[in-house]
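So the structure is just underneath, and the comments pick up after that.
The values are calculated or read from the model by the stated rules, or taken from the named source; none is laboratory data. Remember, it's a predicted structure, so these values are computed and weren't measured experimentally. Cβ sites come from the backbone with ideal geometry, for glycine too, and all protein chains shown count toward neighbours. Calculation scope for accessible area: heavy atoms of the full protein, side chains included, ligands and nucleic acids excluded. Shrake-Rupley method; radii C 1.70, N 1.55, O 1.52, S 1.80 Å.
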Amino acid sequence: MRDWLIYGANGYTGELAAREAVRRGLSPILAGRNAGAVALLARELDLPSRAFPLEDPAAVRAGLVGVGAVLHCAGPFVHTSPIMVNACLATGAHYLDITGEMAVFEAILAPRKADAARRAGIALLPGVGFDVVPSDCLAARLAAALPGATELTLAFASPAGAGSWSRGTAKTMIENLPHSGAIRKTGKIVPVPLAYDAREIDFGGRLGKRWCVTIPWGDVSTAYHSTGIPNIRVYTGMSSRRIQRLRRLRFLLPLTGLAAVKSFLKRRVDRTISGPGPEARATGRTYLWGEVKDAAGATATATLETPEAYAFTAVSAVAATERVLAGGVPPGAWTPSRAFGPDFVTGLPGVVAGEVRRA
C-alpha cells in the first residue's frame, strides 16, 4: 500500500485514527501544524512525521510529496479543506476527511470539483467518520427499499449522559454560528430556525423512544447526493426541556456571529472540553433511525446501532482510507455509500443493522 498521511494527527480524532492505523498494522505519516506535538506522538507510535501549516498552499503541496492519500482531521473544515483539497488535486493524492459540515460537502461534491478530481485521477471523499458514514449508508439502504421516495428522515441519539464532544467538534460548531438549522426542501437546502421541529422517535432496542430535534447535520447535503430524495430532515436526541430552552435562545443567535463572541466561546471550549475518555469510547453506543416515504404514503423504516461516535470515526476513517488506496474507488467526488456501497457500515466492527420494515 502506498504511503498515506493523517493531517491533524495530534488532534483528538486524528490521534484516535493514528492509533487505530497502528493497531491494524499500518504506518501512516503523521502531520499537522504543531511540529512538537506531532513528533511526540510519532515517536510513541514509531511512525514518520511531517509538519507544515495549512495557511501556505505551497508548503501543503510540498508536505504531500510521495503521499498516496490524505486523511484530513484538522477542522474547522470550512476553512481547512479547500487548501488541502487543492493540494491533493495538484499532487495526485486521494483526499478523505471526517467533516460533518454541509458547506464542505456541497463544495467538494459539486460537479466542477468532481470533474477536477477525475482529471487528476483521485477520489475526493469527505465525511468518512460518524459524520456521515452510518447515516449515509442507512439513507442509501432505505432509498433502495422504496424507489421513488420523496421524503427522508434520519435521526440519531445516545443514552442520556453518554459521551461528550471533542474540542475540535465544539469549535467547528461555534465557527458555523449564527447559522443554526437547515433542512432540504424540494431539492434545495433551506435555512430554518434553531430547534425548528421536534418529534418523538422510537429507536427500538435499549434506547426506545426519545424526543428529537432538527439539526443541520451533514446528511442534509450528502443524503441528497446519495439518494436523490428531495426532502430531507435530520434529528438528534434531546430532552424536551432542552429543546424548549434552545427555542428561547433564538433571539440571541445573531450575537454569536460576532468575532469577539466566537473567540470567547472557543476559549471556554479550551478550558472545559476534552472529549470522551477511553471508557466512554469503549462502552458507548449510538443509535440511528431512518424513514423514507413516497408520494402515495408508503414508508420504509430501519434502525442502526454503532459504537460510540469518536471510536467509530477512527475505525471507519482508517478502513475507508485502506479501500481508497487499494483502488476500490474510481476518480471523482463521492459520498461514503456511493464510494463503498450501503453495506460498508455493517462490515465495521460493533455495528448492528435492524431489518427494513415497510408499511
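In the set (1) touching an Asp or Glu at 6+ places or on another chain (Cβ under 9 Å); (2) assigned to a helix (DSSP H, G or I), the condition left unmet by ASP343 is number (1). Within the range 321-336, being touching a residue at least 60 places away in the same chain (Cβ under 8 Å) and assigned to a helix (DSSP H, G or I) holds for THR321, GLU322, VAL324, LEU325, PRO336.
For the range 192-244, the tally of residues that are open to solvent by less than 50 Å² (accessible area, probe 1.4 Å) and outside any loop (DSSP other than H, G, I, E, B) stands at 19.
If you filter the range 41-61 down to residues that are hydrophobic (A, V, I, L, M, F, W, C) and either within 21 Å of LEU325 (Cβ to Cβ) or touching a residue at least 12 places away in the same chain (Cβ under 8 Å) (or both), you find that the one that is most open to solvent (accessible area, probe 1.4 Å) is ALA51.
Considering the range 184-200, the residues that are of a type in the set (A, V, I, L, M, F, W, C) and under 22 Å from the mean Cα position of the chain (by Cα) include one that is farthest from ALA103 (Cα to Cα), namely ALA195. Scanning the range 245-266 for residues that are at pLDDT below 75 and open to solvent by 80 Å² or more (accessible area, probe 1.4 Å) gives ARG250, PHE251, PRO254, LEU255, LEU258, PHE264.
Restricting GLY228, GLY237, GLY208 to those that are in contact with a Cys (Cβ under 6 Å, 6 or more places away or on another chain) and farther than 12 Å from THR153 by Cβ reduces the list to GLY237.
Under the condition of being part of a helix (DSSP H, G or I) and not charged (D, E, K, R), the residues counted in the range 281-294 number 2. Among the residues of the range 2-28, those identified as open to solvent by less than 10 Å² (accessible area, probe 1.4 Å) and either among the aliphatic types (A, V, I, L, M) or farther than 15 Å from GLY129 by Cβ (or both) are TRP4, LEU5, ILE6, ALA9, ALA17, ALA18, ALA21, PRO28.
Let's see how each residue does on (1) outside any loop (DSSP other than H, G, I, E, B); (2) closer than 22 Å to ASP219 by Cα; (3) within 17 Å of the chain's Cα centre (by Cα):
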site	(1), (2), (3)
GLU279	yes, no, no
ALA296	no, no, no
THR303	yes, yes, no
PHE312	yes, yes, yes
SER316	yes, yes, yes
ALA319	yes, yes, yes
ARG338	yes, yes, yes
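Selection of the range 268-302 for residues being modelled with pLDDT under 75 and either in contact with a helix residue (DSSP H, G or I) (Cβ under 6 Å, 6 or more places away or on another chain) or not β-branched (Val, Ile, Thr) (or both) yields ARG268, VAL269, ASP270, ARG271, ILE273, SER274, GLY275. Of everything in the range 329-352, what is open to solvent by 50 Å² or more (accessible area, probe 1.4 Å) and closer than 22 Å to ASP3 by Cβ? Give them in sequence order. Of everything in the range 329-352, those that are open to solvent by 50 Å² or more (accessible area, probe 1.4 Å) and closer than 22 Å to ASP3 by Cβ turn out to be PRO330, PRO331.
Only one entry of GLU308, GLU355 meets the criterion of being open to solvent by less than 20 Å² (accessible area, probe 1.4 Å), in contact (Cβ under 8 Å) with a residue 40 or more places away in the chain and among the acidic types (Asp, Glu), and that entry is GLU308.
Give the residue that is nearest to LEU325 (Cα to Cα), with candidates limited to residues of the range 62-73 that are open to solvent by 10 Å² or more (accessible area, probe 1.4 Å) and among the aliphatic types (A, V, I, L, M).
Filtering the range 62-73 for residues that are open to solvent by 10 Å² or more (accessible area, probe 1.4 Å) and among the aliphatic types (A, V, I, L, M), the one nearest to LEU325 (Cα to Cα) comes out as VAL65.
Scanning the range 1-58 for residues being part of a helix (DSSP H, G or I), more than 20 Å from the chain's Cα centre (by Cα) and of a type in the set (D, E, K, R) gives a total of 3. Taking the criterion of being among the polar types (S, T, N, Q) and closer than 15 Å to ARG43 by Cα, the residues of the range 5-29 that qualify are ASN10, SER27.
Please verify whether the range 313-328 includes one or more residues that are open to solvent by 30 Å² or more (accessible area, probe 1.4 Å) and within 22 Å of PRO147 (Cβ to Cβ). No.
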